[in-house]
Each structure stands twice: as structure tokens, then as C-alpha cells.
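**Q** Below is one structure. I have some questions about it.
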Amino acid sequence: MRAGFAADLLTATRLGLALPIFFAAGMGFSEPVAVMLAAAWWTDFFDGHLARRAGGKTRLGDLDTFADVTIASALLAGEVAAGTPPLWGAVGLVLLAMFVARHNTVWCVLLQAVAYGLVLARLLTDAPVWSVLPLMTALTMLWLNRQRFIGEFLPRLVGTIAPAVGTARKA
């Protein structure tokens, strides 16, 4: 039961990071964005680990993907507010709309990829030293979760791309 509570606390923490991330990104504060993004990623990493330890279901477990989308949307909105070309905001808005309309996690993953890519690009130009923090965080988590990534995540992602694209074409 304690693992489930800790997982829920981490999910709530990630949700709580969305507004500060939006304002920091929107005001061009690269260093705090790097720290909060890495923190958001670690809360996602550990809440999943703790939720599986607790039997897979926690009270806030259904909000995990919502928290991921919220962080990505806050980053994207902040980047657009800071002057990122509006085209990227439009791309993010379309991906968010597709996720909401289709309830398919592939759209969530694509939204995150666009938002994180924009933030990392800004960090690499504005605060190259600080860009190491989220990059090393991502690489460390990938290494720690490499078996799940290769055995579960990649096949699930690839398996959802074709139906998602096919559904989008029909719409």
C-alpha cells in the first residue's frame, strides 16, 4: 500500500510541475526548465516502478498519461509564448487534439516528442551546460529500463502507429 501512495504522490508532483514549467519556459528561464523537466521525468519513471510494485493500480494511476500530456503541453505552450515559431504550437495543438479525440497513446508520445525536442533545442542553444541534465536523465532512464523499453514499449508503440495513422486518414 505504501508503494501505491508513493506512486500517487509522484504523479501529483508531476502534475504540480506543469504550471511552473509553463511560466519558466514562457519567460525563457532555461536552467529551471532543465531541472523541472528532469524532475518530471524522474517522477514518471519512479511512479511507474512503484505502481508496478503495488500491483499495477493506484488511485491516481489513471492520471499518469494525463500528467505526461500536461507537462508536454505546458512546455509547448511556454515555448510558443517565448517565441518559438507558431507552426510548432499548431503541430502540438493538432497532436493534443488527436490524443483527446482518439484516446490513443501514440499521439501522446508524438506530442511529448515535439515538446521535448523544442525544449532540448532551446537548451542546447541558450544553456548548453544545463541541456546535459535532461539528456543524461533520459539516457539513464533508458539504460535502467532497457529491457522494458525493447520488450514492451517499442512493440506497443509500433503496434499503435499503423492503426492511429489509418484512423487519422479516415477521419
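**Q** Report the gain in length on full extension from LEU142 to ALA3: 0.36 nm times residue separation, minus Cα-Cα distance, nm rounded to one decimal.
**A** Contour length minus Cα-Cα distance gives 47.8 nm.
**Q** Helix by helix, which DSSP H runs in the chain go 15 Å or more along their axis at the Cα atoms and have an average Kyte-Doolittle hydropathy of 1.0 or more?
**A** Passing helices, by number: 2-26, 64-81, 86-102, 105-126, 128-144.
**Q** Right, here's the next one. Name the residue farthest towards the positive end of the dipole of the chain from the options THR70, LEU118, ALA34, assuming +1 on Cβ of Lys and Arg, -1 on Cβ of Asp and Glu, about the Cα centre.
**A** Final value for the positive-end residue is THR70.
**Q** I've got another one for you. When a/c reaches 1.5 or more, the comparison of a/b and b/c decides; with that in mind, is the chain rounded, prolate or oblate per its Cα gyration tensor?
**A** Note, shape of the chain comes out oblate.
**Q** Using only helices, what value at 222 nm comes out for the chain when you add -39,500 (n - 2.57) per DSSP H run of length 4 or more and divide by the total residues, to the nearest 500 deg cm²/dmol?
**A** -28000 deg cm²/dmol
**Q** If packing is taken as the mean number of other Cβ atoms within 10 Å per residue, what is the order of 6-12, 49-55, highest first?
**A** 6-12, 49-55
**Q** By how many nm would the segment from PHE153 to THR105 grow when fully extended, if each residue of separation counts as 0.36 nm and the alpha-carbon distance is taken off?
**A** That works out to 16.2 nm of additional length.
**Q** Additional query: For the peptides 77-86, 135-144, 18-27, what is the packing order when you average, over each peptide's residues, the other Cβ atoms within 10 Å and list the highest mean first?
**A** 18-27, 77-86, 135-144
**Q** Work from the charge dipole of the chain (Cβ charges, +1 for Lys and Arg, -1 for Asp and Glu, about the Cα centre) and give the residue of LEU87, PRO134, LEU60 farthest towards its positive end.
**A** My answer, from the dipole projection, is LEU60.
**Q** Assigning unit charges at the beta carbon (Lys, Arg +1; Asp, Glu -1) and nothing else, what dipole magnitude in debye, to the nearest 20, does segment 2-170 show about its Cα centre?
**A** 580
**Q** If you count, for each residue, the other Cβ atoms within 10 Å and average over each peptide, how do 101-114, 121-134 line up from highest to lowest?
**A** 101-114, 121-134
**Q** While we're here: Give me the distance in nm between label points sitting 7 Å out from Cα along the Cα-to-Cβ direction at VAL94 and LYS57, one decimal.
**A** According to this spin-label approximation, the distance is 3.8 nm.
None of the figures in this text is laboratory data; all of them are computed from the coordinates on show. Worth saying up front: this structure is predicted, and the values here are computed from it rather than measured. As a convention, Cβ positions derive from the backbone with ideal geometry for all residues, glycine included, and neighbour counts pool all protein chains shown.
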